[in-house]
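None of the figures in this text is laboratory data; all of them are computed from the coordinates on show. Note that the structure is a prediction, hence the values are computed from the model and not measured. Note that we place each Cβ from the backbone using ideal geometry, even for glycine, and neighbour counts take in every protein chain shown.
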Amino acid sequence: MDFLDKLDFMMNKLGINKRKLSNLSGVPYTTIDTFYKKGYENTKLSTIKKIAEALDVSMDYLVVDSITDEDYGKTNGFYVSVEEQAHIKKYRALDKHGKEMVDIVLAKEAERIEAEQQAGAAVPDSSKDTQTPTIVPEITAELAKLARQNQELAAEIAAMKEEDAAMEAASELSVWSSALDGSLSQAERRKK
């Protein structure tokens with residue numbers, strides 16, 4: 001979707017026309033109408049900002065054709081710290097198993113905090129919390145279970161590698177045995 005497609009989409013969604021958008025944004029009607037007649041390539045950043053604010057979308061949404069989610073870039077009062085961004089980056093790098101582990105711990109900890117809040121217990125502000133949160137026994141049990149499964153898988157893999165090595169050794173032994181038999185046969189023929 002290009003700028004004009006998004007403009008049309010958002011005006012349609014909000015039930016407004018170019019004149020109403022002009023009134024909401026403070027951008028002259030003629031400027032908005034010119035987008036449709038002559039293009040929008042040289043539009044000022046300040047104009048795009050006013051239109052984005054009036055439509056309640058990010059400037060990125062309006063100008064980057066590949067962004068099609070009108071909620072893109074909105075924080076809705078949600079702040080992500082640099083530390084949290086680092087956690088998100090690490091999470092995205094995990095494989096399926098790693099993400100499942102993180103999801104289990106996160107769900108259990110969220111349940112614990114919710115239960116404490118419902119019980120009226122004081123829940124520390126996580127932005128000021130300097131202590132590591134206590135992991136509930138259920139999480140510990142789940143982690144232990146997953147660790148056992150990992151050990152069992154590692155043992156199976158090691159056994160398979162040993163089996164492969166034994167089969168390879170047997171094959172190599174067979175080759176040597178055949179070569180030895182051939183040499184012995186040749187030696188016997190020479191004696192005769």
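In what order do I16, I32, I51 fall by count of nearby beta-carbon atoms within 10 Å, going from fewest to most?
Going from least to most buried by this count: I16, I32, I51.
Arranged by the count of other C-beta atoms within 10 angstrom, fewest first, what order do M160, M59 take?
Least crowded to most crowded, the residues run M160, M59.
Treating only the Cβ of Lys, Arg, Asp and Glu as charged (+1, +1, -1, -1), what charge dipole size does the chain show about its Cα centre? Round to the nearest 20 debye.
900 debye
Say the dipole of the chain comes from +1 at the beta carbon of Lys and Arg and -1 at that of Asp and Glu; which of I16, M160, V82 then lies farthest toward its positive end?
Comparing the listed Cα positions along the dipole, I16 ranks first.
From the gyration tensor of the Cα coordinates in the chain, what semi-axes in whole Å does the equivalent ellipsoid have, largest first, with each one equal to sqrt(5λ)?
Here the semi-axes work out to 66, 35, 12 Å.
Given the pairs K13/K90; K13/K44; K13/K49, which span a C-alpha to C-alpha distance of over 30 angstrom in this model?
Values: K13/K90 37 Å; K13/K44 25 Å; K13/K49 19 Å.
Checking Cα-Cα distances, K13/K90 exceed 30 Å.
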